[in-house]
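Notes follow once the structure below has been shown.
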Amino acid sequence: MQIPAPDRLLAVLPSHLHADARSRYAEHGATLYRRLAQLYGGSAGFDAWYEDLLALAGQLLGARPASLLAIDAQRAAQPDWFASEHMLGYSAYVAQFGSSFKGVAERIGHLQEAGVSYLHLLPFLRPRAGENDGGFALASFDDVDPALGTNEDLDALCTALREAGISLCADLVLNHVADDHPWAVGAVQGDARLREFFHVFPDRSMPDRYEPTLGQVFPQAAPGNFTYVEALDGWVWTTFYPFQWDLNYANRAVFAEVAAALLRLANRGVEAFRLDSTAFLWKREGSSCMNLPEAHAILQALRALVSIVAPGVLLKAEAIVPTRDLPAYLGSADTAECHLAYHSTLMAAGWAALAEQDTSLLREVIANTPPLPPAASWVTYIRCHDDIGWKILAEEARSQERLNGIADFFHGRHGSFARGVAFQSGRATNGTAASLAGFETASTPEQAADCLRRLVLLHGLAFSFGGLPLLYMGDELGTLNEHGYLADPGRAHDTRWVQRAALDPARLAQRHDASGAAGAVFGALRTLAARRQSQPDLAAGQPRTLLHAVDPAVLALARGERFLNLSNFSARSIELDLAAIGAGQWAVDGGRVVLGPWAMLWLER
Ligand code: GLC
C-alpha cells in the first residue's frame, strides 16, 4: 500500500516545524493511512479526503502554542512518562469539586497535598439544556458550560495546573452528541449531510434486526437502543439515553470532525482525553456492536493523528468490558492505540473479593491481564462517577447467582456492612467507596477501623497493581452517600448521583484530624501515595507476579524484584509462611507474618 506523502501537512506549516512534522509522519503516517483506508477506503473520493485531513492536521499543528510544543518535545523524549510510580490521578466534576473552573484552580493546593499529578475533569463542555446525563450529552465540542466559567477560565486553569505539575484530562464524549447539538438540530431541520452523522432508520425493520444481539446500558431508565424522533421521521440509534444520539463513524466526516475537536481542545492545553464509551463506536448487524475491530481502527487512527499533531497528549479509553476485551484498547507492540485504559474488571473484582472474603475472582482477573505493551498503562481505581456493573465479571464468575450474591452484599443484604444503592434492576451498584466499605454502618471505633482497613486494602491494590491510580472526588475524605438527588426529578431515576455530591468543606477542613473518618482516610491515602512514589518497582511497566497465597482470602502480588503486596480480604486473622508461598526472599522475622482482618502489608527489599 502506497502511503501518501505529507505534502499537504507541511504546506500550511511554518518551516521550523517541518522537520518534526516530517519525522512524525514517517513514524505514524502509515498507521493513519492504513486504518483510515480500512474504514473508509472503499468510498468515493477517499484519497482527496485523506489529503484534506492532512491539511487540517497541519493547520492544527501550526496553531499549537509554543509552550505545548515544548511539552510535546519533552514527552517524545520520555514516552512512558505517565507510567511512572510518581503519577497519581484524581477524577472530579468541576461543579461539585470547585463550583467553577476558577474554584477548581483554588483547590490545586488540596490536590497537591494529596500527591495528585493528573486531574480528570468530567464533562465540562456545554451540555444539553435540561437533563444531560451528568454532562455526557454535549451541545458543543468547543464551548465550555457557561455555568462553570468561560473558555478563557478553562485556558487559565490549564496553565495553573501545568505550573503545579498537574496534567489536565478532559472527557471527550465521542460516541454521541446531545439532541440539541448543532449536528442533530441540522439533521432535524432537513440537512441531508448532517442526517448522515447519525444512524437514522426510516422504520423499525433495521432496529428490530439489530436489537436481539445488543445489550442495554440503562434497561430501566432508557430501555432499547433506538429512539423514534418525529422530526426526523425515523428511528435514531441511542445506546444510552434517548437524548444522546450515537454518531455514525461509518461516515468519514464524523471522524474528521471529532478528531479536529479533540485537537482544538489539546491546543487549549488539555493534556489527556478520556475517550468516553469507546466500545460502542462501530455497529454491525448480528453482533453486540461492542469492541468491534473497526472501533479499534478508529482509535488507532486517532492515536496516529494525535502522535503527528500533538504527541504530548494522552488518550485514555473508557471501555467497561470483560477482562478479555480490555487489553486491545492499549494496542500492541506493533500498533499503538490508547496510552491508558480503565482496568474495570480489576476494580469490580477487588470489591467482589471483599464481599466473598475470597480472592479467587480477583486472582483470575489478574492472571488474565497480560503484560502491558510499551509506553502504555492501566488506570487503576476503586470508584468513579459511574456504577459498578457486575456483569463485566461474568466470565470469571461463571454463574449469575454468584454475581447476584456479590450485588446483594453491596446492597446491604445478609447482614453486610455495605450500603450501596442498586442500579439497573440490581445488576449494578452505586455508592461512595466509604459507604460501600461500611462507614455508614460502623457504630464503634473498632468497626470504623475495619472500614478504614478495607479502604486501604482496595486503594493499596490500585496503587500497587501497575497503572495510574485514580482517586474519585471525595473518596480521599471518606465521603458518604448523599441522597439529595432524589428530590431532583431530572436525577431521581439515576442512582449514580448518590456518589456525585459536592465536596464537603467540613470534611476538607477535618482532613488533618486523624481522630475522625475524613482525616483518617486522607492520612492513610497520603501515606500510601508517598510509599508508592518511593518504590520504582511500582511503575506501570514493571512485571507483576501472582504468588500462590495458600489461603483463598489472601492476595499476594509481587512487582519487579523488590515489592510484595500481601492483602487479607477477610475478617479472619491469617498467618502466612512466606517461604511456603514462594516469598522467602522478603525476609521478615522468622519468615512468618500475621495479617489481621482486612490487613494489607507492603514488603519491600
Ligand atoms: C460513560 C460515562 C457515563 C455515561 C455514558 C454515556 O459510560 O462514564 O457516565 O452515562 O458514558 O455517555
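Remarks
- Some residue of the range 201-212 being within 16 Å of the ligand (Cβ to nearest atom), open to solvent by 70 Å² or more (accessible area, probe 1.4 Å) and outside the structural domain of Phe423 (by TED's automatic domain parsing): no
- Ala558 vs. criteria in contact with a Ser or Thr (Cβ under 6 Å, 6 or more places away or on another chain), surrounded by 14 or more Cβ atoms within 10 Å (Cβ to Cβ), within 22 Å of Glu364 (Cα to Cα) and without any contact (Cβ under 8 Å) to a residue 60 or more places away in the chain: yes
- Restricting the search to helices (runs of 4 or more DSSP H) fully inside the range 1-63 and requiring at least 2 residues that are farther than 21 Å from Ala253 by Cα gives 7-11, 18-40.
- Any pair with Cβ under 6 angstrom, 6 or more apart, that starts in the range 90-116 at a residue that is within 22 Å of Pro469 (Cα to Cα) and ends at one that is open to solvent by 40 Å² or more (accessible area, probe 1.4 Å) and small (Gly, Ala, Ser): Gln96/Ala502
- Considering (1) aliphatic (A, V, I, L, M); (2) within 16 Å of the ligand (Cβ to nearest atom); (3) over 17 Å from Arg264 (Cβ atoms); (4) surrounded by fewer than 23 Cβ atoms within 10 Å (Cβ to Cβ), the lone condition that Ala139 does not fulfil carries the number (3).
- Single residue of Arg284, Arg303, Arg324, Arg264 found to be under 20 Å from Phe82 (Cα atoms) and either within 16 Å of the ligand (Cβ to nearest atom) or open to solvent by 10 Å² or more (accessible area, probe 1.4 Å) (or both): Arg303
- Screening Pro219 against (1) surrounded by 14 or more Cβ atoms within 10 Å (Cβ to Cβ); (2) within 16 Å of the ligand (Cβ to nearest atom) leaves a single unmet condition, (1).
- The range 114-136: number of residues that are away from the ligand (no atom under 15 Å from the Cβ), within 30 Å of Ala524 (Cβ to Cβ) and either aliphatic (A, V, I, L, M) or open to solvent by 10 Å² or more (accessible area, probe 1.4 Å) (or both): 5
- Elements of the type strands (runs of 3 or more DSSP E) sitting completely within the range 553-602 and holding at least 1 residues that are at pLDDT below 95 and not hydrophobic (A, V, I, L, M, F, W, C): these cover 574-577, 592-595.
- Residues that are closer than 13 Å to Leu393 by Cβ and open to solvent by less than 10 Å² (accessible area, probe 1.4 Å), drawn from the range 306-321: Val321
- A count restricted to the range 165-191 and to residues that are among the small types (Gly, Ala, Ser), surrounded by 23 or more Cβ atoms within 10 Å (Cβ to Cβ) and not in a strand (DSSP E or B) stands at 2.
- Residues in the range 376-388 that are more than 21 Å from Thr479 (Cα to Cα) and within 13 Å of the ligand (Cβ to nearest atom): Val379 alone.
- Any hit, the range 147-160, residues being closer than 26 Å to His512 by Cα, surrounded by fewer than 22 Cβ atoms within 10 Å (Cβ to Cβ) and free of Cβ contacts under 8 Å to residues at least 60 places away in the same chain: yes
- From Ala367, Ala394, Ala336, residue being open to solvent by 40 Å² or more (accessible area, probe 1.4 Å), modelled with pLDDT of 95 or more and within 30 Å of Glu27 (Cβ to Cβ): Ala336
- Only one of Asn404, Asn430 that is more than 24 Å from Arg526 (Cα to Cα) and open to solvent by less than 10 Å² (accessible area, probe 1.4 Å): Asn430
The values are calculated or read from the model by the stated rules, or taken from the named source; none is laboratory data. Note that this is a predicted model, so its numbers are computed, not measured. Counting neighbours? That spans all protein chains shown, and the Cβs are built from the backbone with ideal geometry, glycine included. Protein only, heavy atoms only, side chains kept; ligands, DNA and RNA dropped before computing areas. Shrake-Rupley method; radii C 1.70, N 1.55, O 1.52, S 1.80 Å.
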